[in-house]
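Presented below is the structure to which this report refers.
Rule-based calculations on the coordinates, nothing more; no lab input. For clarity, every value in this text was computed on a predicted model and none was experimentally measured. Using ideal geometry, Cβ is built from the backbone for each residue, glycine included, and neighbour counts are taken over all protein chains shown.
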Amino acid sequence: MKLKNLSDKKIIVSAGGTIEMLDPVRFMTNRSSGKMGVSIADAAYKAGLNTLLIAGNVDKNLLSGKKYEIIKVLSTRDMLDAVKNQLCDNALLIMAAAPADYSFKEISSVKIKKKSDELNITLVKNPDILMESSKIKQNMNFNNLILAGFAAETNDLEKYAIGKLKEKNLDLICANDVSTSESGFESDYNKITIYFKNGLKKELNMALKKDIAKFILKNIDTYLGEIDEK
Ligand code: PMT
């Protein structure tokens, strides 16, 4: 696969869920396996691009034998720090990870004991990595930085995806329907529609994540060529 317009960009891809610790033996995460993000990093590397994977809770078998750089992180804040350290003007950030939106207000340093019938635990909102990346793009004048998000939705896919595209100030968003187990979380398959900020919409029927990955990169490459001409 030839990707002319992405050839000199640094491709930063995030994958997997993040882990929020409650105590030394308990944590909160989600069903993201990392397959989508790893497939994108694989496709980028195969296309000869400068590729970096920021991996959350991803099975080590999925990461073994990779020839590109991998940074492993635990929590959403760790993922944010890793992304912030890597962002530069000439990068494409693809956030295929599913970072936990909340973390525990207090992390106990010792195992919490089973005592009362009810246990109330307070969650606090995590920072949004794409939102923070958008702010960095603006404040640092990183005009060439391309920000790509994913939207995992169970209903009103288009409405919510376009909402996130605008709210997080992204260049594009890949909307995936995660209402069934056939595609999306954990599956080898996905079904996506890409919405670009210029109104362009590209859709692919259910396909293997490795083919979805190529479709995403190809369409971003084409989009960059088109906006360059204008
Ligand atoms: O990992 P797999 O099992 O292969 O599954 C793939 C996937 C379904 C996880 C993937 O295709 C996907 O949709 N990833 C995004 C999941 C998600 O967090 O979606 P969201 O709609 O809640 O978030 C929107 C965007 O904001 C995402 O790009 C997300 O990475 C990003 N985000 C979310 C929370 C947060 N604190 N910071 C973020 O930047």
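Each Cα pair under 8 Å and six or more residues apart adds its separation to the average, and for the chain the resulting relative contact order is 20 percent.
If you wrap the tightest convex hull around every Cα atom of the range 1-114 and split its volume per residue, you get 109 Å³.
For the chain, a crude dipole built from +1 on the beta carbon of Lys and Arg and -1 on the beta carbon of Asp and Glu, taken about the Cα centre, is about 420 debye to the nearest 20. Its relative contact order, with pairs defined as Cα atoms under 8 Å and 6+ residues apart, puts the range 27-90 at 28 percent. Near Lys115, which lysines are there with a Cα under 30 Å away, not counting those fewer than 8 places off in the same chain? Once the sequence-local lysines are set aside, what remains near Lys115 is Lys105, Lys125. The range 209-223 and the range 79-97 have their alpha-carbon centroids 18 Å apart. Of all beta bridges that DSSP places with both ends in the chain, some 40 percent have antiparallel geometry. Summarised as an ellipsoid, the chain has semi-axes of 31, 19, 18 Å, derived from the eigenvalues of the Cα gyration tensor scaled by 5 and square-rooted, with the largest first.
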